Every structure is written in structure tokens, then in C-alpha cells.
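K.L.:
This is the structure I want to talk about, given as C-alpha cells.
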Amino acid sequence: MTKEYKTITEISGPLIFVEKTEPVGYMELVEIRTGGEMKRGQVLDSSDDIVVIQVFEGTGGLSKDTAVSFTGDVIKMPLSPSIVGRVLSGSGKPRDGGPEIVPEVLRDIAGAAINPASRGKPRSFIQTGISTIDGTNTLVRGQKLPIFSGAGLPHNDLALQIARQAKALGEAESFAVIFCAMGITNEEAQHFLADFERTGALERAVVFLNLADDPAVERILTPRLGLTTAEYLAFDLDMHVLIIYTDMTNYCESLRQMGAAREEVPGRRGYPGYMYTDLACQYERAGIIKGRKGSITQFPILTMPGDDITHPIPDLSGYITEGQIIVSRELHRKGIYPPVDIRPSLSRLMNSGIGKGHTREDHRAVSDQLYAYYAEGNDLRGLAAIVGKEALSERDKLVLEFADKFEKRFVNQGRDEDRSIFDTLQIGWDLLADLPEAMLTRIDDKYIKAYHPKYAASAAKK
Amino acid sequence: MEVGKVKRVAGPLVQATGLKASMYDLVLVGEEGLMSEVIGISGNKYIIQVYEDTGGVRPGEPVKETGAPLVAQLGPGILTQIYDGIQRPLPMLAAASGDFISRGLFVDGIDHKKKWEFKPTAKKGDVLKPGQAFGEVQEQLLIKHKIMVPPKHKGGAIKEIYAGNFNVDETIAVLEDGSKLTMMHKWPVRQARPVTKKLAPTIPLRTGQRVVDGFFSLAKGGTAAIPGGFGTGKTVMQQTLSKWADVDIVIYVGCGERGNEMADVLHEFPELQDPKTGRPLMERSIVYANTSNMPVAAREASIYTGMTTAEYYRDMGYDCMMTADSTSRWAEAMREMGSRLEEMPGEEGYPAYLGARLADFYERAGRAEVLNGGQGSISVVGAVSPPGGDFTEPVTQNTLRMVKVFWALDSKLTQRRHFPSINWLDSYSLYDQILEPWFIENVSPDWNKNKRRAMNILQENAELEEIVMLVGSDALPEDQQITLEVARMIINFWLAQSAFHPVDTFCPYKKQFDLLAAILKYRDYAFEAVQKGISVAEINSVPSKDALAKVRLEAEYEPILAKILAQMDVEFKALK
Ligand SMILES: Nc1ncnc2c1ncn2[C@@H]1O[C@H](COP(=O)(O)OP(=O)(O)OP(=O)(O)O)[C@@H](O)[C@H]1O
Ligand SMILES: [Mg+2]
């Protein structure tokens, strides 16, 4: 153990500046003792005589003669199989009254990058039972697919429904759910925990809770702890891990706060210039690795400030993740659940997880066709509002009606309704069947002959 | 060589003293010897960017000089490789440290043990000039690797030259002045390799993408930017171009983007067969994968490393294409390093030299007469990822000053799942005029005429749509209603092209032309019919029109199209 210093020269927001004589490593874990309490911090800048430390539990109560000691090591997470089923704080301390985790391994929470050459190609379809995801924005194992939402929208219900229903077709495999809360309210957290308990999911979950009244700087640790745990479960213990973290917006606010405290040159709208890289270092910890059984699939949730998708938080996230599910206020107002607007939503890994051998051969074509007419129908709503429905051409009227029916029958479903992918495709075909066949320009004739309700009966006989 | 000391560590930036290194020299930082580069010198203070994670590095640790800048190793064995941003082969890193990249590993860019069969093409007594080839190696089944005198070597008369199997370090020729030549040389990545003369780009780069070839074509040796918000199709376009462009060598640089996308490239390129040769694309590709979570300094370097290998194959006389996904991440890496250096920031925090760096990069593209004689080219396609999809930001704007082709991605088209989401009104190609004669001579005398017609229809369509938004389409005169319909056909039957459809992913020039000509033929018939007083509804419901929708999905499209056109003749004659 290195020696203890009582040489804090400055305390500024979440930062402390400490004079010292021995060399201290960049990113080293620091222990700060004040009264009976131990706080932890991390070195952000290390030079010959002075170091800058961010204190995770906040600098409240610290003074110039607070004792600071350097541990000589970076922050590591204690891990063992018994972590499954535990509820921990945002900095990894037990929050469920249980014992400390007795580590089998200690892992650097910064996490090394997966070598791109070692990555496997994510291609196994995960059925979430939700049509707007399975049908038109399909999720695959190893994907990072965030939910972009807004304050007051039912993104938590959607995330829970996904966590409950998600399964690979036709296999039973060991899987775990990791839930990281960052700055959410106690009520929201209880909502998650109660649902986990109700469904028995808690037994195979690890929960990290940093709530709204917990220190903001701690939030910088929370996803790292969750992801380090995820890597351990997936790549040491061969589990399929689904990690939900919410709310990334709070995490980014903490980053901004740290940047401001360090008087860095800010990037767009005051967020640090390195926020892209920082977020990437979280989101990229999803995937599968060749020759290993487990996988990490991520569902980050973020609320878009002012519902603005061009805000740096959703914008940078969208540039890193493999698509996004957009929860729409307008659909929510119409009473549609889940209010997923498929137009700006996207799953970039959809192609490798659908089609013959995964879902069904006509999946891509059906999805494209649904998209095309839903988008066009939406545009026509604007027109119809101005010139009146009657002024529309026959074709346009059909498209407009299609969009309405699409929302009511395809998008809308129950909170406990678990649709199979075949049910979802069937609904899609039923909607398309209301359009003249010549309008199905995105669908190969052979699929029309095989799956269009008009032919399906006779095709099935063959 | 001096050994200095670390004075300060903050993120990827280290300050050190006690060095004599020059600017941009490679140094090794800390006990682990992390690969790093000197990026600033002030007094006896050296500012160093580290290509690897710096967690745990302490003041007082050593900094070792290497006496040389960051170089690429150039010789046989580059093709098929997958590198990080500083030319370390990723599979070698995996062999050394497992599935997660660890630090302080030094790995050669090419295999130094492998023996290659060297065939001299020059003989004793021949006088070699700098850059001149004197032998070759069959690097891949279809790719001959020319062994050239390094451009900075003064050359001279050959005293001895050996045929046979050698590794890249063994002497294969000795010159009169006693200098020995091997199959490998090193080149500093930040320096452009010299050529004899730059040439004008006069030949189109065939991409098989209708909106590109047909509307906004790129020339061999040309430069293009593809800006667009997230999810608008930059990566898919770059991958599609890599698959289908008629170039000899593909350099795919994943610069600060996703790991899973790279996995996709690494998975697909070895499987994808060249339609002409049946050989896998990987055999003529070099892939750089410095993903977003890999160190930013190496991300900054990856663009230069990629370009240097492109130039090397160009120097052999090959047509190369380099795609960079995304140049914005590269610019951000510069910004990140710049702000840590506490440089005076320019626009939006980017360093003031952003424009100059972008210019230097795109200037390295081009068609050229190479030192060895003959011609080679590097076409560059750079993705740009503007924040919020707003093209007024500095990276997009500085890029547009440099490149000649602009493929503007449009998120409105993406939302409609119209791919490629290249906006047909905002995009442009400044090679248009230069390439026109080539198309007229090699595809059809009507190529340019039809292209203009189609573009005019789309232009008119855009104007009409504004009116339609106010009054509805039925209120338009009949000929204008026809124009709307024809525009819809051009957009849906011709401009839209799925990168994932087995047939439609690549469309030959002739097919591009025939499909468009068929739509224009319909247009002429329809106009004629309107003049004769036939109703729009009747005209729009001729079955041959709808039949045109799917011709693009047919590989053997010619008989099908001929039949549809014949049917169209009949159907319009029958309209009374
Ligand atoms: N030509 C195309 N044909 C079919 N689908 C396409 C095409 N181009 C793009 N797409 C669809 O759009 C999605 C997003 O495209 P892509 O990943 O290329 O976006 P991007 O511009 O690179 O985004 P980012 O900036 O976030 O990396 C793809 O996953 C694919 O589903
Ligand atoms: Mg991309």
C-alpha cells in the first residue's frame, strides 16, 4: 500500500487536486477517507507533482486535510457467478443487504476493445414478440439497439416487454439480463424491479442502481460496471446477456459536468468533444466473438431532450449504435402502444438475421413494402388535411387508409401480447392485401404467389 | 538514441522531457513501450500522442526514441490483410493477446518470414531509376506485385540480381554502388509518394449503381464525398462500391466506426466473388479497422496508413479505390488531440488546420503517370458524418471544397426506405462533362441526352410537388400529372436500387441505359396520348407500365424488357 497524502490543494466541483511525491498512474483508483467514510476516485491527469482526481461519490464533506491514498492500480470489478441475482449500487456496492461479491476474477472496468478480427457476425434472430421490432426493425444477438424516447413516454414498458419476451427461436440457452439505472427516479427503478420480481427475471439478473439522488459522477462508472459484468457472463460463463441501461441522457449530463469542471474546450452544445469516443467505448462492448458461446446485446434507453433527435446525445448515439427504435409522442397521444414510429427507426443488422433459414424468405420484401406505403400514407395525411380527402386520387386514398390501418393493427399491440414472427408477417400481408396487387412493387412475384392471402390458401395446398 | 521521461499523462496525450526526437517521430512510451508519435515540441517539452490506451502510465516512466517517423512497411503480403490504424495486422494481435486488444504489442505490417518467388524483370547492367520496377512476385493468383526501387533511393546500375525464393528482408539485387535492394521498403505515412505527372481523370469508375453511374458519376482517380446523418447509407454505399467498382485494388478504411460492421466486411469480402474472375474480393483488398473504441490517435493515423498502401499499389500501375468511413471521425480525432494540446480552436472546436489536412488527403488521390512508367489511379470516396445531419458544419464544408463529386444523402429518402438515399436534386458530379464522350462512345450516343431528360423531369417534378401540396394532384393539367407519374417511375424503378438484392445490387451500364430509355419511351407515349385527349387514368393504367417496375430485378432482363416494350406499343395503339 502506498502512502497517504493530506495535500489536497484545490476542490472544484467533482474534482480534487492533490500534490504528491511518488508517481501515480493515469486512471488509477484513488481512495479518499473522510470521517468514517471511504470515497473512491480516479486519476484524470497525472504529472510529476500534482494529480487531478474525479471523486465518484461527490466531493461533499472533503476538506484540504482529507486523506488521499493511491492504490497503484486501475479500477477493477470483482466478479464471480454469484453476482447473478444481485442488486448493486451504481458504483458496484451491494444494495440488497447481501454480502460483498467475493471475486473469482477482477476485471479492469475500462474494458479492452474486442479485436475486430475476432468478432463473429451477429446473425441470430431474436424474437421480441413486438411487430414493429421483429417485423420491420429486427433485432439480432450481439446488436446494440437503443430506444430513443422522450420524457413521459412508455419506453420503460417497452424495454420491460422486450426483456420479458425476447427469445431465440427454437433453443433454450442460458441467458442473463443486466439492468443499469443511471439517474432515474426511485419510482421508475421500482417499476423495473417489481416487474423483474413478478416474472422471476431477478434470479437471472444483475441490477446496478444509481438513482436520481445518487451522486452524478458515479454514473460515469455505472455502465462500465454493467458492461464489465456483461463481458464476464457472456465470454467467461457462455451466457447470452441482454443489457438494458437507462437513461443514457443522464450519463451524458455527467460527462458534460466533468468536462466543465475540468474547463475543457466544449464541443457541440457544451458536451465534451470526446463524447463520441466515450459513448463508443460503452456501446461497442456489444457483440459476439468467434469460437465463444455467449453474446452481449444492448438496449440503451435515452430520452431526447426536447424530443430533438439532432441533439448531440441521440445524434452521437445513432452514429455508433446499430440502429434505433424511436418512441413517438404523436403515436402515444393517439393511444397506440408501443408507440414506435418505424419511419425513423432502423435496425442495421436486420438483414443478416432475417430471411430464409432465420425468419422467412419474404420478410425483407414485406418489410420494405410496409415501410414504403406507411411513409407515403403519412405524407398524404398532410396533404389530405389541406385539400381534403376527396381531392386525393383513388390510389392515394388507398395509401392513406393503409397508414391508418397499419398503426391500428401492426404497430398497436398489448403490453403482454407476444406475437410470433409469423403472426407479425401475417398481419403485414393482411394489410398489404387491401392494396391492388400491382401496387406491391417491392415484392418479388414468387413471394406474392406464395404468401399473398389471395394465393396463400392454394399455395399451402401445393 | 535518447531515453526520455514521462512528465505528465492525460488521456491519449503524454508530455515528456529528455528527448531529441524530431516532429512526427515514433517513440515508445512507458514500461510497456506503447507506440506513440511526437506531435509537438516546445523547448525541451515533447508532446506525444499515444496510439494505445494510457491507463496506468505514470510520470517517470521511460520514453524511448526510434529515430524514425510512423512508416508503413511496403512489400508483398499487404493484400488480404486486416490492419489497425498503424498497420498492425489484427489477426497477429489476436494471436499475441487474444480476442481483446492489449497494449504494447509490436507486430510487423507484413510477414518477414514468408518466402516469395521473385522473378527479375531487369538484368545485370540495367540502370534503375527511383521508383522503377526490377522484378515481380505473384502476390495473389491474379495480382502481380511489382518490386520497385524505393522512390527516395537514387537507383543505379544493377550489379547483381537474383531469381528465386526470398523473404522480404533478403537481398534480391545489388547495385553498382553497393546498395542492396530487398522486396520491402518503408515509407512515412504522412508523406505523399511521388509520381511523374498527374493526369486528368477521363475514364468513369464503373460502380454498377444507377444513381452514381447514371447521374453523378465518379472518374477513375476522382474524389467523392458522401455526407449523411446516421443511418442514411454511407457505409452500405462504400461497401457496395468496394464490391463492384471496376478497380484492381480496394482499400477499405474503417476509421472510428463500428466493430460489427468490420466483422461484416471481414466476413463478406473473402466470400464475395468477382463476377469476371471468380476470385474472392479479399484477394485484392486491404482492410483497415480502427473502430470507434480503439485509440483515437491510431484512428487519426489510419487515413494516412491506408492512403500510403493505396499509393504503393498505384505506383505498380493499378487502379485503386480507397473508401474512408468516416472522415468525420478522423477530423474528430484531430479535434480531440488539438483540444488536449490546448491549441487555439477554429470553427466548432476543430483545429484551424482542418481544411489543410483534408486538402492534403484528397490531393493524394488522382490518376497519374507513375515513376515506373505507365499509369495508375487512386479514387477516393470519403464518408462524412455531419452532426445532426446538417451539411453546413465544418467537415462537410471543407470536404466539399476539395472533392469533385457530392452524393448528398437525404434522411427523408431513408425514412421512405428509398435506397441509395442520394438526393437527386442536391448531388452533383463535376466530372460530368469530361466523362460524357466516354459514355457516348462506349455505351450509347443517347446516354447523355437521356440523363438530361430524366434529370429535367425530376426537377420539374420537385416544382410540381410543391403545388400538389397545396391543391392536390388532380388539380394539375393532365400533362403535368403525367410528369408526376413518370418521375415516380424514375425514382422507384430506376434510382432505387437495393444493395442486398442478389441481382439488383449491380447494374451494368447497358442495363442502366435500357431501363431508363424504357421509362422515357413510356413518357413519350403518354404525352402523345394526352394530346389525343386520352385520360390520365387510362394512360396510367396500361399494364406494361407496371411491368417496368421489376425489370431491374432480372439478370436476363433483355427479352423481358423487349416483350414489355412490344406490349407497350400495342397498348398505346389501342388507347382511343
Ligand atoms: N443501397 C441500400 N440498399 C438497401 N438498404 C440500404 C442501402 N443503403 C442503406 N441501406 C439500409 O440503411 C441502413 C443504414 O445504412 P448505413 O449503415 O450505410 O448508414 P450510415 O450512413 O453508414 O450510418 P452511420 O453514419 O450511423 O454509420 C442499412 O443497415 C440498410 O438497412
Ligand atoms: Mg456507417
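The values are calculated or read from the model by the stated rules, or taken from the named source; none is laboratory data. If you're wondering where the values come from, they're calculated on a predicted model, not measured in any experiment. Positions of Cβ are generated from backbone atoms using ideal geometry, with glycine treated the same way; all protein chains shown enter the neighbour counts.
K.L.:
Go through the residues of region B:225-233 one by one and say whether even a single one is more than 28 Å from B:ILE101 (Cβ to Cβ), under 12 Å from the mean Cα position of the chain (by Cα) and not in a helix (DSSP H, G or I).
P.N.:
yes
K.L.:
Out of the residues in region B:471-505 that are charged (D, E, K, R) and in a helix (DSSP H, G or I), which is nearest to B:TYR557 (Cα to Cα)?
P.N.:
Across region B:471-505, the extreme among qualifying residues is B:ARG488.
K.L.:
Sticking with this one: Just one of (1) away from chain B (no Cβ under 14 Å); (2) within 20 Å of the chain's Cα centre (by Cα); (3) crowded, with 20+ Cβ neighbours inside 10 Å trips up A:VAL68, so point out which.
P.N.:
A:VAL68 satisfies every listed condition except (2).
K.L.:
Quick one: in region B:316-343, of everything that is more than 9 Å from chain A (Cβ to nearest Cβ) and hydroxyl-bearing (Ser, Thr, Tyr), which residue is surrounded by the fewest Cβ atoms within 10 Å (Cβ to Cβ)?
P.N.:
Checked region B:316-343; the qualifying residue surrounded by the fewest Cβ atoms within 10 Å (Cβ to Cβ) is B:TYR318.
K.L.:
Is there a residue in region B:220-227 that is within 11 Å of ligand 1 (Cβ to nearest atom) and surrounded by 24 or more Cβ atoms within 10 Å (Cβ to Cβ)?
P.N.:
Yes: region B:220-227 contains one or more residues that are within 11 Å of ligand 1 (Cβ to nearest atom) and surrounded by 24 or more Cβ atoms within 10 Å (Cβ to Cβ).
K.L.:
List, please: which pairs have Cβ atoms under 6 Å, are six or more places apart or on different chains, and start with a residue in region B:297-325 that is more than 15 Å from B:TRP187 (Cβ to Cβ) and end with one that is among the aromatic types (Phe, Trp, Tyr) and assigned to a loop (DSSP other than H, G, I, E, B)?
P.N.:
B:ALA297/B:TYR51; B:ALA298/B:TYR51
K.L.:
Go through region A:202-228 and give me each residue that's under 18 Å from the mean Cα position of the chain (by Cα) and not β-branched (Val, Ile, Thr).
P.N.:
A:ALA205, A:PHE208, A:LEU209, A:ASN210, A:LEU211, A:ARG219, A:LEU221, A:PRO223, A:ARG224, A:LEU225, A:GLY226, A:LEU227
K.L.:
Turning to a different aspect of this structure: Kindly indicate which of B:PHE493, B:PHE500 is within 24 Å of B:GLN209 (Cα to Cα), modelled with pLDDT of 90 or more and within 11 Å of chain A (Cβ to nearest Cβ).
P.N.:
That would be B:PHE493, the only listed residue that is within 24 Å of B:GLN209 (Cα to Cα), modelled with pLDDT of 90 or more and within 11 Å of chain A (Cβ to nearest Cβ).
K.L.:
Let me ask something else. Quick one: would you say A:GLY129 is surrounded by 21 or more Cβ atoms within 10 Å (Cβ to Cβ), within 19 Å of the chain's Cα centre (by Cα), away from chain B (no Cβ under 12 Å) and in a loop (DSSP other than H, G, I, E, B)?
P.N.:
yes
K.L.:
Now for a different question. Does B:ILE519 satisfy the condition of being within 14 Å of another protein chain (Cβ to nearest Cβ), buried (at least 18 other Cβ atoms within 10 Å of the Cβ) and in contact (Cβ under 8 Å) with a residue 60 or more places away in the chain?
P.N.:
So B:ILE519 passes the test.
K.L.:
Among the listed residues A:ASN156, A:ASN137, identify the single one that is within 30 Å of A:ARG419 (Cβ to Cβ) and either more than 14 Å from chain B (Cβ to nearest Cβ) or assigned to a strand (DSSP E or B) (or both).
P.N.:
Selected residue: A:ASN156, the only one of A:ASN156, A:ASN137 that is within 30 Å of A:ARG419 (Cβ to Cβ) and either more than 14 Å from chain B (Cβ to nearest Cβ) or assigned to a strand (DSSP E or B) (or both).
K.L.:
Taking B:LYS113, is it of a type outside the set (Ser, Thr, Tyr) and more than 28 Å from B:VAL27 (Cα to Cα)?
P.N.:
no
The rows are residues; the columns are (1) touching a residue at least 60 places away in the same chain (Cβ under 8 Å); (2) within 16 Å of ligand 1 (Cβ to nearest atom); (3) buried (at least 19 other Cβ atoms within 10 Å of the Cβ).
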site: B:SER429; (1), (2), (3): yes, no, yes
site: B:TRP438; (1), (2), (3): yes, no, no
site: B:VAL486; (1), (2), (3): no, no, yes
site: B:THR505; (1), (2), (3): yes, yes, no
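K.L.:
Follow-up. Of a type in the set (Val, Ile, Thr), within 14 Å of another protein chain (Cβ to nearest Cβ), assigned to a helix (DSSP H, G or I) and away from ligand 2 (no atom under 16 Å from the Cβ), is that true of B:ILE440?
P.N.:
It is false that B:ILE440 is of a type in the set (Val, Ile, Thr), within 14 Å of another protein chain (Cβ to nearest Cβ), assigned to a helix (DSSP H, G or I) and away from ligand 2 (no atom under 16 Å from the Cβ).
K.L.:
Condition first: within 16 Å of ligand 2 (Cβ to nearest atom) and modelled with pLDDT of 95 or more. Can you find one or more residues in region B:314-321 that meet it?
P.N.:
Within region B:314-321, none of the residues are within 16 Å of ligand 2 (Cβ to nearest atom) and modelled with pLDDT of 95 or more.
K.L.:
Additional query: Residues being outside any strand (DSSP E or B), more than 9 Å from chain B (Cβ to nearest Cβ) and touching a residue at least 24 places away in the same chain (Cβ under 8 Å): count how many of those fall in region A:35-53.
P.N.:
1
K.L.:
Of all the residues that make up region B:286-296, how many are crowded, with 24+ Cβ neighbours inside 10 Å, touching a residue at least 40 places away in the same chain (Cβ under 8 Å) and not in a helix (DSSP H, G or I)?
P.N.:
6
K.L.:
For region B:239-258, what are the residues that are within 16 Å of ligand 2 (Cβ to nearest atom) and either away from chain A (no Cβ under 14 Å) or among the hydrophobic types (A, V, I, L, M, F, W, C) (or both)?
P.N.:
The answer is B:LEU241, B:SER242, B:LYS243, B:VAL253, B:CYS255.
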